[in-house]
Each structure stands twice: as structure tokens, then as C-alpha cells.
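Taking it in order: structure first as C-alpha cells, then the write-up.
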Amino acid sequence: MALQAAFSLPSAISTPKEGKCTAVHIKETSLAGISVRDHLKDDLLLPTTTFAKDFKKRGVPFFVVRAQTATAAPIIKDSQPEQKKTERQFNVVVTGASSGLGLATAKALAELENCHVIMACRNFLKAEKAAKSVGIPKENYTVMHLDLASLESVRQFVDNFRRSGRPLDVLVCNAAVYQPTAKEPSFTAEGFELSVGTNHLGHFLLARLLLDDLKQSDYPMKRLIIVGSITGNTNTLAGNIPPKANLGDLRGLVGGLNGVSSSPMIDGGEFDGAKAYKDSKVCNMLTMQEFHRRYHEETGIAFASLYPGCIATTGLFREHVPLFRLLFPPFQKYITKGYVSEEEAGKRLAQVVSDPSLEKSGVYWSWNKNSSSFENQLSKEASDAEKARKLWEISEKLVGLA
Ligand code: NDP
Ligand code: PMR
């Protein structure tokens with residue numbers, strides 16, 4: 001079968017990696033990470049929106065417009081007293097918003113009109129161009145530099161974000177890399193295998209640091225979302241396509257995934273790029289649940305993960321062989337029927353960000369054929385509380401939090 005062949009062909013496009021390669025980290029000054037438009041204040045007088053109405057219904061207090069800086073004209077209209085009390089914009093950080101799901105989500109959120117999206121991206125210019133190309137209004141987004149393959153960059157991003165003065169209301173950990181054809185592992189700045197280092201460890205540090213900011217937010221629907229996937233769940237057909245996700249006893253992670261004194265794989269096995277990605281998604285889903293267990297009750301933050309559908313056209317498959325990239329979308333559209341467009345997937349993730357009905361914490365959301373959301377079941381490994389605790393503790397040490 002041509003598709004099966006495409007799935008197993010060696011890469012015609014990927015660059016062979018010679019031994020250990022360190023991700024480039026662009027060092028920034030405190031200002032360089034913030035878009036020039038970042039001085040624009042987000043406190044706008046807005047007409048009563050769907051959310052405002054919903055907050056009202058649920059007895060949630062409105063936000064009051066704060067004083068404006070000298071850069072903006074006062075916008076409180078005394079002639080319209082009924083509009084004096086309104087909510088502020090809510091701020092959502094989306095990692096990897098320069099393409100695919102992240103970009104489509106940023107676009108869907110920006111359309112809510114009372115939402116400001118902080119696009120946390122490794123390529124500043126690409127993100128700016130992407131935002132323009134999909135027509136996100138200037139006042140609805142800010143690009144800030146974040147390279148998840150460098151823990152120093154993650155810390156710098158958190159500093160820059162705090163300096164911007166914006167409250168943090170929702171964090172979306174979306175960025176990911178997938179290296180299905182790599183023969184040798186590549187590594188993050190700190191020497192962790194790239195897929196787990198970026199998709200899990202970078203996000204783990206980011207989410208842990210920004211938890212304090214989320215706690216401080218007065219927004220009534222504070223959320224922390226970590227994008228998961230069906231392919232990390234072995235209770236599904238897609239999760240049973242080899243190589244299957246399996247974290248084993250986490251011995252490679254304990255060793256630091258460095259490929260020198262330890263295996264680059266979490267379970268201690270031979271390097272396999274496709275498995276490393278799937279393992280990283282299991283880590284994402286376990287991390288969300290551990291956050292929920294540790295912090296939901298105390299903070300009121302809702303922690304969630306999701307499988308948005310198979311978005312077969314995104315840049316995630318950029319390192320796959322050309323034949324795979326050609327056949328994968330029609331295969332998902334017509335054979336598995338698991339295909340979803342970037343636009344639809346973006347709306348789904350935006351729903352998890354802002355829909356009042358998706359407020360339950362500790363949930364892995366999925367959508368059925370009618371595009372209705374439901375709470376899905378995670379695989380045995382992806383819902384193993386003891387493994388989640390161990391993963392948390394080892395990850396804390398690796399990123400320098402313990
Ligand atoms: P894309 O490749 O289109 O998007 C990934 C994003 O992550 C890009 O913006 C990319 O930046 C960014 N990124 C990669 N490495 C880093 C880094 N070191 N620092 C900061 N940003 C980085 O893929 P998708 O949109 O498909 O993937 C988004 C999420 O959806 C992932 O978590 C993926 O696991 C998940 N997912 C995807 C599915 C699919 O079918 N596509 C299915 C299920 C889940 P840049 O633009 O600079 O490359
Ligand atoms: Mg899979 C219902 C069937 C289904 C679904 C929903 C997916 C989703 N896939 C399904 C079935 C199959 N896939 C079958 C039967 C095969 C064998 C022909 C198959 C193969 C396959 C490959 C080689 N599928 C893949 C790959 C990838 O390289 C993608 C991957 O694993 O990326 C990690 C992938 C995916 N299939 C999916 C989804 C959502 C992906 C990609 C993205 C992800 O999980 O993040």
C-alpha cells in the first residue's frame with residue numbers, strides 16, 4: 001500500500017544529524033522579546049459581550065475599566081452610563097502560535113473581540129507575518145519571543161511577560177516538534193532530547209513559572225491548557241500504530257535524556273523520533289492531570305488537555321517524507337475520517353480556552369463527528385497517577401525547580 005510505504009520510507013527531506021546538536025538560543029534584552037505594540041494597553045471599553053453576559057448569568061462580577069495611560073485617549077463615555085461598568089480584555093498566552101493549530105487558535109480567539117493573544121513564538125518575524133496573513137487585528141495580539149528548546153529562553157519569556165504588565169488569564173501550551181525521520185537525536189540548549197525537551201520540559205517549566213501569574217489573575221475562567229494527542233493514547237487505533245508511546249520506568253528521563261550518560265528516550269531505549277514525540281504527548285497529558293491534582297482546588301484554575309482532531313496539513317509533518325505529506329491528508333479525510341481543518345481545530349482549542357461550559361478541570365477533551373465536545377478517556381499509561389507524580393518530580397529536577 002502506497003500510504004504504508006510512504007509512512008515507512010526514509011526521509012528524503014530531513015537533514016541527517018551528526019551526533020549531538022545544540023538548539024540555537026537567541027539571547028534577548030528585556031525589551032527585545034516584546035512587540036513594539038506591547039505598550040498599547042488592553043483596557044478597552046467594550047460593549048457587553050457573550051462572556052460578559054455569561055459572567056452575569058453565573059453571578060460573576062464584571063471587570064471595571066482601569067485608568068488609561070497617556071498613550072491612549074480616555075475612553076469612558078460619560079454619556080452612556082450603562083457602559084461604564086465593563087470587563088477588561090482577557091489575556092491568553094499561546095505557545096507556537098506562528099503556524100498550524102496555534103495560529104488558528106489565535107485567530108479564533110482574536111475574533112472574540114475581548115481577548116488579547118500573546119503569541120509566544122521562537123521566530124518573531126514569522127509570527128508577525130502569520131498574524132497579519134490571517135488578518136488578526138493589531139490591537140488583539142502581541143508577539144513575544146519564546147524558544148521552548150532553551151530553559152533560559154523560557155525564564156526570559158516569563159520575565160518579559162511580567163514586565164509587559166498584562167495579567168495572565170489563560171496559558172495554552174501548544175508548540176511541538178515531531179522528528180519522525182531523524183536517525184540521530186537532536187538536543188535542546190540544556191542537552192535534553194529535542195522532542196521531549198521542547199514539548200514537555202520547556203512547557204513544564206513555563207507552566208510552573210506562570211502558575212503564580214495565573215493565581216494572581218482576577219479573571220473568572222482561569223485556565224491552563226496543554227495540547228495532547230490521540231497518538232499518545234494506546235486505548236485507540238491511532239495510538240496502536242508503531243512505534244507506540246511508552247514511558248517505561250522513566251529511567252532515561254532520570255538520566256537526563258542526554259544521549260551520552262543516558263538514553264535520549266524516556267524509557268531508556270534506542271532513539272526513535274516518532275516514539276519520542278508520542279512519549280512527549282503522554283507527558284503533556286500526565287502533567288495536566290498532576291497540575292489538576294495539586295492545584296485545582298487551591299487555585300480554582302481549570303487544567304485541561306485535548307485532542308483537536310487530525311490536522312493533517314500543519315507544519316508538524318514538515319520533516320516527514322514528501323509522499324507521506326501528500327497522502328496523509330486524503331488518508332485522514334477519506335479513510336479514517338479523523339481529519340479536521342486548521343480552522344476547525346483552532347475553534348475547538350479556542351472553545352477550551354473560553355467556553356464557560358468547558359470549565360471542568362482535569363479533563364481531556366475530544367470532539368465527535370458533529371463537532372460536539374466530550375470528555376474522553378485517556379489510556380492506562382496516560383492516566384497513571386503514580387507515573388504522573390514521578391514524571392513531575394523528575395521534571396522538576398531537570399528544569400532546575402527542585
Ligand atoms: P505546527 O508545526 O504547525 O505548529 C507547531 C508550532 O510550535 C509552530 O508554531 C512552531 O514554531 C512551534 N515550535 C516548535 N518548536 C518550538 C520551540 N522550540 N519554541 C517555540 N515554539 C516552537 O504543528 P501543529 O499546529 O500541528 O501542532 C500544534 C500542537 O497540536 C502540538 O502540540 C501537536 O502535538 C498537537 N497536535 C497536532 C495534531 C495534528 O494532527 N497536526 C494532532 C494532535 C495534536 P515555528 O513556526 O517557528 O516552526
Ligand atoms: Mg494515524 C482512526 C484512525 C486514525 C486516526 C484518528 C489517526 C490520527 N491515525 C489513524 C489511523 C492510522 N494512522 C492507520 C490505520 C495508520 C497506518 C496506515 C496510521 C499511520 C500513521 C502514521 C505513519 N498515523 C500517523 C502517522 C504519523 O506519522 C502521525 C503521527 O503519529 O504523528 C505523531 C500520525 C497521526 N495519525 C493520527 C494523528 C492525529 C496523527 C498525527 C499527529 C499527532 O498525534 O500529533
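Taken residue by residue, the stretch 316-334 has no member that is open to solvent by less than 20 Å² (accessible area, probe 1.4 Å), away from ligand 2 (no atom under 16 Å from the Cβ) and at negative phi. Residue check: is V177 not basic (K, R) and not in a loop (DSSP other than H, G, I, E, B)? The answer is no for V177.
Looking across the stretch 355-367, the residues that are touching a strand residue (DSSP E or B) at 6+ places or on another chain (Cβ under 7 Å) and either open to solvent by less than 60 Å² (accessible area, probe 1.4 Å) or farther than 26 Å from C115 by Cβ (or both) come down to L358, S361, G362, V363, Y364, W365, S366, W367. If you go through the stretch 230-244 and keep only what is within 12 Å of ligand 2 (Cβ to nearest atom) and open to solvent by 10 Å² or more (accessible area, probe 1.4 Å), you end up with I230, T231, T236, L237, A238, N240, I241, P242, P243, K244.
Take the conditions (1) surrounded by fewer than 23 Cβ atoms within 10 Å (Cβ to Cβ); (2) in contact (Cβ under 8 Å) with a residue 40 or more places away in the chain; (3) within 16 Å of ligand 1 (Cβ to nearest atom); R166 misses just one of them, which is (3).
Selection of the stretch 130-155 for residues being outside any helix (DSSP H, G or I) and among the small types (G, A, S) yields G135, A149, S150.
Okay, residues lined up against (1) of a type in the set (G, A, S); (2) in contact with a Gly (Cβ under 9 Å, 6 or more places away or on another chain); (3) within 15 Å of ligand 1 (Cβ to nearest atom):
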site: G232; (1), (2), (3): yes, yes, yes
site: T236; (1), (2), (3): no, no, yes
site: S263; (1), (2), (3): yes, yes, no
site: G269; (1), (2), (3): yes, yes, no
site: A276; (1), (2), (3): yes, no, yes
site: S280; (1), (2), (3): yes, yes, yes
site: M285; (1), (2), (3): no, yes, yes
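Within the stretch 285-307, residues that are at negative phi reach partners that are among the acidic types (D, E) and open to solvent by 40 Å² or more (accessible area, probe 1.4 Å) with beta carbons closer than 7 Å, at six or more positions or on different chains, in the pairs A302/E359. Within the stretch 256-298, being among the β-branched types (V, I, T) and surrounded by fewer than 18 Cβ atoms within 10 Å (Cβ to Cβ) holds for one residue alone: V260. Look at (1) within 16 Å of ligand 2 (Cβ to nearest atom); (2) open to solvent by 30 Å² or more (accessible area, probe 1.4 Å) and you find that E375 fails only one, number (1). For A127, the criteria (1) touching a residue at least 60 places away in the same chain (Cβ under 8 Å); (2) part of a helix (DSSP H, G or I); (3) open to solvent by less than 10 Å² (accessible area, probe 1.4 Å) hold in every case but one, which is (1).
The values are calculated or read from the model by the stated rules, or taken from the named source; none is laboratory data. Keep in mind it's a predicted model, so treat the numbers as computed, not measured. Positions of Cβ are generated from backbone atoms using ideal geometry, with glycine treated the same way; all protein chains shown enter the neighbour counts. When the accessible area is computed, the model is the full protein with side chains, heavy atoms only, and any ligands, DNA or RNA have been set aside. Shrake-Rupley method; radii C 1.70, N 1.55, O 1.52, S 1.80 Å.
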